[in-house]
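Here is the structure we will look at, set down as structure tokens.
The values are calculated or read from the model by the stated rules, or taken from the named source; none is laboratory data. Remember, predicted model here, so these are calculated numbers, not experimental data. The area values use the complete protein model at the heavy-atom level, side chains included, leaving out ligands, DNA and RNA. Shrake-Rupley method; radii C 1.70, N 1.55, O 1.52, S 1.80 Å.
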Amino acid sequence: MSWAVEEWKEGLSPRVLQKIHELESQVDKLKKERQQRQYQLETLEAALQKQKQKVEDEKNESAILKRENQSLMELCDNLEKAKQKISHDLQVKESQINIQSGQLNSCKKDIERLEQELKR
């Protein structure tokens, strides 16, 4: 089959044949270079898509972490409010205990005094 491809070159001068050969070599070289660049382009496009997906995944992860962080901050605020309320309630109860303890001591003194009076 290659003889048919070469048939059109019959009768051409050696100089023209040399130029045709150079051009054919250049075409082959350019085809190979184009294939290499096409492969590089496809590789770079695949890498770009992978990076885009990675960025998208990171954005989603970041959004999830932000929501989780917000939720935890709200939980901390609620716990701090509950702690303050419990602390306040504790202070109130301690104050009530101190008052009742004072009343108890006063009652004990009254009882002792009355017992002393009864003994007399």
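Among the candidates 79, 12, 72, the residue that is open to solvent by 90 Å² or more (accessible area, probe 1.4 Å) and hydrophobic (A, V, I, L, M, F, W, C) is uniquely 79. Please verify whether residue 44 is open to solvent by 100 Å² or more (accessible area, probe 1.4 Å), modelled with pLDDT of 95 or more and among the aliphatic types (A, V, I, L, M), treating the condition exactly as stated. Yes; evaluated as a whole, the condition is true for this residue.
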